[in-house]
Amino acid sequence: MTQVRLTIDGVEIEAKEDATVLEAARGAGIYIPNLCADPDLEPYGACRLCLVEVDGEEGLPPSCTLPVADGMVVRTDTERVNTVRRHVLELLLSDHPSDCLLCAKNQRCELQKVVAYLGVNQPRYKKLEREPLVDYSNPFFNRDSEKCILCGKCVRVCAEVQGRHALDHYRDGWLSRIVTAGGERPIIDSLCESCGQCMAKCPTAAIVPKQLAWPSKEVQTLCPYCGVGCGIYLAVREGRVVGARGDSESPVNKGSLCVKGQFGLDFVNHPERLTTPLIRRNGKFAEATWEEALDLVASKLAQYSGDEIGVMASAKCTNEENYLIQKFGRAVLGTNHIDHCARLCHASTVAGLGQSFGSGAMTNSMEEISGAACILAIGTNTTSAHPVIGLKIRKAVKEGAKLIVANPREVDLCSIAHIWLRHRLGSDVALLMGIMRIIMEEGLQDKAFIKERSDNFDAFKRSLKAFDLDFVEEVTGVPRSLIREAAKLYATTKPASILYAMGITQHTHGTDNVMAIANLAMLTGNLGKPSTGVNALRGQNNVQGACDMGALPNMYPGYQKVDDPKAIEKFRKAWRCPLSFGQPSRRTSRRCTWSEKIPC
Ligand code: SF4
Ligand code: SF4
Ligand code: SF4
């Protein structure tokens with residue numbers, strides 16, 4: 001992007017041509033007081049505190065909505081702008097309590113910061129009296145209109161980022177206030193999803209958490225709940241978690257969190273949480289030291305031979321931990337009986353996408369979802385199970401993307417879907433084959449992609465014969481006209497992205513479902529390009545890593561098969577230990593034969 005040069009307060013700086021003066025000043029470390037601007041939100045220009053002087057202009061434009069221009073000369077800290085700012089601030093303060101010492105946001109309040117910067121010491125205007133609106137109905141945060149300065153950040157973040165529109169401005173002039181959309185009702189009865197983003201953006205104490213304790217430090221980590229893996233800063237005080245905020249640098253969530261990540265981490269402090277090993281003695285658990293516990297476990301494990309032992313890894317642990325546990329299982333205990341939760345949730349993804357594309361992972365990044373022109377969300381209740389990805393879908397739809405939801409349940413996404421295919425449970429393959437048959441009949445397939453980038457197309461084409469629309473309609477329960485509409489929409493609106501989750505994989509024929517999805521993307525050439533692809537929404541924040549590290553019975557790290565002599569030799573050398581069980585024993589063989597049936 002082209003850069004422009006401008007001067008702010010005598011300093012010559014460079015900025016992107018689409019930046020505002022406020023953004024350019026921020027980038028150069030120049031503070032301009034403001035209360036309604038936020039890097040994550042659209043410019044708004046409501047608080048009138050970021051006014052600046054610009055050479056050649058008579059008025060004082062707000063810098064948050066003023067685009068930069070080459071050669072522009074801006075002054076941010078003159079007597080003229082500060083006089084107007086003080087006046088604006090005094091009017092704001094006429095409607096705001098001044099008992100700062102007793103306020104929950106004391107010393108962390110943006111309003112306090114601006115008051116201090118502009119040096120407003122004496123209230124000039126008589127306090128306005130009006131009925132405050134307090135709302136304690138949300139289980140996680142309280143709202144108090146008396147502290148509200150009507151900056152609109154809460155309304156905007158709920159609409160622009162959360163896509164929820166649960167809050168709105170109500171009335172004009174001094175009667176103006178923030179209410180739940182559609183009227184003054186408790187927020188618990190509104191569309192609010194309790195994500196807490198309005199609370200995180202509020203510059204004053206108008207929205208504050210119910211459990212309020214200022215931390216002594218913050219610890220950067222990942223949310224432990226779902227497969228999105230949002231970046232989080234945990235607020236910690238005296239060894240206890242007292243809050244959380246989204247990591248704005250995280251490429252995954254860019255500061256957003258859902259209710260689970262924002263408010264659901266106090267289990268860490270639960271008094272019943274195990275913090276020390278327990279050993280059963282005389283039928284009852286008794287506390288033990290780690291040395292005692294580890295000695296006991298080691299002596300018990302030594303009583304069993306390799307294939308009598310099973311090892312469970314965890315998709316909530318790091319790559320290093322998963323690598324170690326599978327190595328411990330294979331190199332020390334002598335077993336390939338190693339597994340983790342992917343066995344249930346996405347084994348069919350590992351198998352199906354491995355067969356179709358050579359790798360069982362999302363083909364595109366989460367960030368690309370917002371750029372799709374068409375999204376097919378099948379077998380996923382995204383806004384509940386992977387809420388921050390749900391935000392990306394809502395954003396895409398808001399920006400014009402078409403959304404097709406295929407789900408037997410009326411999940412939340414149905415409310416913004418252009419087409420909802422309510423197929424019967426277990427009829428995914430029939431539905432997808434029906435869609436693909438229509439795409440072929442209508443000639444909407446991507447012939448160049450099929451020819452240049454795929455194999456075995458003729459066999460696939462033959463298999464479509466079994467899925468005429470009479471059969472598909474009967475099996476799925478979806479009218480053929482709707483299937484046709486969905487097929488045309490997906491095939492002609494590019495780039496198109498497919499998202500799926502456990503509604504696809506947790507079936508006895510989950511692998512077939514996954515491979516049918518992969519075929520659909522290939523048929524339309526929606527692969528290997530931005531905002532396209534086949535995107536498995538996985539259950540835990542490191543389920544991909546646990547699979548990659550070989551926490552699977554049939555795979556060494558990097559999906560190298562345990563019965564491949566070359567792979568066995570490679571790991572034998574690397575780990576300097578015998579892996580003679582690499583050719584599975586009779587019992588192991590049964591497991592691996594089953595895995596081999598799911599083409600890995
Ligand atoms: S908590 Fe989230 S959904 Fe609820 S009002 Fe605030 S931003 Fe909107
Ligand atoms: S509640 Fe907070 S974020 Fe919302 S308008 Fe009032 S001060 Fe701004
Ligand atoms: S979307 Fe998932 S990872 Fe992100 S905050 Fe919510 S539960 Fe945690």
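The fraction of all Cα pairs in the stretch 293-349 landing in successive 5 Å bins from 0 to the largest distance is 4, 18, 24, 24, 18, 8, 3, 1, given as whole percents. Remark: accessible surface ordering of D168, D70 (largest first) is D70, D168, probe radius 1.4 Å.
For the stretch 1-142, what is the charge dipole size about the Cα centre, in debye to the nearest 20, if Lys and Arg each add +1 at the Cβ and Asp and Glu each add -1 at the Cβ?
Working: 15 positive and 23 negative charges, 136 e Å.
Charge dipole of the stretch 1-142: 660 debye, to the nearest 20.
In terms of accessible area, using a 1.4 Å probe and ignoring ligands and nucleic acids, S190, S481 rank largest first as S481, S190. Taken over the chain, the convex hull of the Cα atoms encloses 223 Å³ per residue.
What is the stretch 243-283's relative contact order, in percent, from Cα pairs under 8 angstrom and six or more apart in sequence? Averaging sequence separation for qualifying contacts and normalising by length gives 29 percent for the stretch 243-283. Quick one: Debye curve from the C-alpha atoms of the stretch 50-119, no solvent, what's log10 I(q)/I(0) at q = 0.14 Å⁻¹? Calculated log10 I(q)/I(0) at the listed q: -0.54.
Entry for the stretch 214-328 at q = 0.12, 0.14, 0.18 Å⁻¹: log10 I(q)/I(0) = -0.66, -0.83, -1.05, Debye formula applied to identical alpha-carbon scatterers, no solvent contribution.
The trypsin sites (Lys or Arg not before Pro) of the stretch 247-320 meeting both criteria, a DSSP state outside H, G, I, E and B (loop) and at most 12 other C-beta atoms within 10 angstrom of the site's C-beta, are R273. Please report the spacing between the Cα centers of the stretch 247-286 and the stretch 404-458 in Å, no decimals. The stretch 247-286 and the stretch 404-458 have Cα centres separated by 39 Å. Accessible surface of the chain, 1.4 Å probe: 53 percent of it comes from carbon and sulfur atoms.
Computed with every protein chain present, the accessible area of M1 is close to 140 Å² [probe 1.4 Å].
Remark: the stretch 472-528 is approximated by an ellipsoid whose semi-axes, taken from the C-alpha gyration tensor as √(5λ), come to 19, 18, 9 Å, largest first.
Partner aspartates and glutamates whose Cα lies under 13 Å from the Cα of K153, excluding those fewer than 8 positions away in the same chain, are identified as D38, D40, E42, E110, D168.
For R86, the solvent-accessible surface computed with a 1.4 Å probe is close to 70 Å², ligands and nucleic acids excluded.
Can you give me the orientation-averaged projected area of the convex hull built on the Cα atoms of the stretch 320-454, in nm²? All intermediate terms of the calculation are to be shown ahead of the outcome.
On the way: hull surface 45.2 nm².
Computed as one quarter of the Cα hull surface, the answer is 11.3 nm².
Report, in deg cm²/dmol and to the nearest 500, the calculated mean residue ellipticity at 222 nm for the chain, where each DSSP H run with n ≥ 4 adds -39500 (n - 2.57) and the sum is divided by the residue count.
-9000 deg cm²/dmol
Each peptide in 400-408, 16-24, 235-243 was scored by the mean count of other Cβ atoms within 10 Å over its residues; highest first, the order is 400-408, 16-24, 235-243.
Tell me whether the stretch 363-405 comes out rounded, prolate or oblate; compute the Cα gyration tensor, take square roots of the eigenvalues as a ≥ b ≥ c, and use a/c under 1.5 as the rounded threshold.
Numbers: a/c = 1.38, a/b = 1.24, b/c = 1.11.
In terms of gyration-tensor shape, rounded.
With viscosity set to 1.002 mPa s and temperature to 20 °C, compute the Stokes-Einstein D of the stretch 423-508, Rh being the Kirkwood radius across alpha carbon pairs; µm²/s, no decimals. Don't jump to the answer; show the numbers that get you there.
Numbers: Rh = 13.9 Å.
Rounded to a whole number, D works out at 154 µm²/s.
Considering only Cα atoms, the convex hull volume of the stretch 508-578 works out to 153 Å³ per residue. Gyration tensor analysis over the Cα atoms of the stretch 281-393 returns equivalent ellipsoid semi-axes of 40, 19, 12 Å (largest first, whole Å). Given a 1.4 Å probe and the protein chains as shown, S415 ends up with an accessible area of around 90 Å².
From most to least packed by mean Cβ count within 10 Å, the peptides 210-223, 143-156, 372-385, 101-114 give 372-385, 143-156, 101-114, 210-223.
At 20 °C and a viscosity of 1.002 mPa s, what translational diffusion coefficient does Stokes-Einstein give for the stretch 443-577, taking Rh as the Kirkwood radius over Cα pairs? Give it in µm²/s as a whole number.
On the way: Rh = 17.9 Å.
In µm²/s, the coefficient is 120.
Can you check what the Kirkwood hydrodynamic radius comes to for the stretch 99-239, Cα pairs only, in Å to one decimal?
On the way: mean 1/r = 0.0592 Å⁻¹.
Across the stretch 99-239, the inverse of the average 1/r is 16.9 Å.
Working ranking of peptides 43-52, 545-554, 318-327 by packing, defined as the average number of other Cβ atoms within 10 Å per residue, highest first, is 545-554, 43-52, 318-327. Between K529 and D18, the C-beta separation translates, for a Förster distance of 25 Å, into a calculated FRET efficiency of about 0.50. Computed on the Cα atoms alone, the convex hull of the stretch 1-160 gives a volume of 137 cubic angstrom per residue. For the stretch 1-80, the calculated P(r), taken from all Cα-Cα distances in 5 Å bins from zero up to the bin holding the longest distance, is 3, 17, 30, 27, 17, 5, 0, 0 percent.
On average, how much accessible surface per residue is there in the chain, in Å², for a 1.4 Å probe, leaving out ligands, DNA and RNA? Don't skip to the answer; put the middle values down first.
Values: 29530 Å² over 600 residues.
That works out to 49 Å² per residue.
Given axes a ≥ b ≥ c from the Cα gyration tensor, I'd like to know whether the stretch 272-317 is rounded (a/c under 1.5), prolate (a/b larger than b/c) or oblate. Oblate is the answer for the stretch 272-317, as a/c is 1.5 or above yet b/c matches or exceeds a/b.
The values are calculated or read from the model by the stated rules, or taken from the named source; none is laboratory data. In this text the structure is predicted, and so the values were computed from the model without any measurement. Glycine also receives a Cβ, built like all others from the backbone with ideal geometry; neighbour counts cover every protein chain displayed. To get the accessible areas, we keep the full protein, side chains included, count just its heavy atoms, and leave off ligands, DNA and RNA. Shrake-Rupley method; radii C 1.70, N 1.55, O 1.52, S 1.80 Å.
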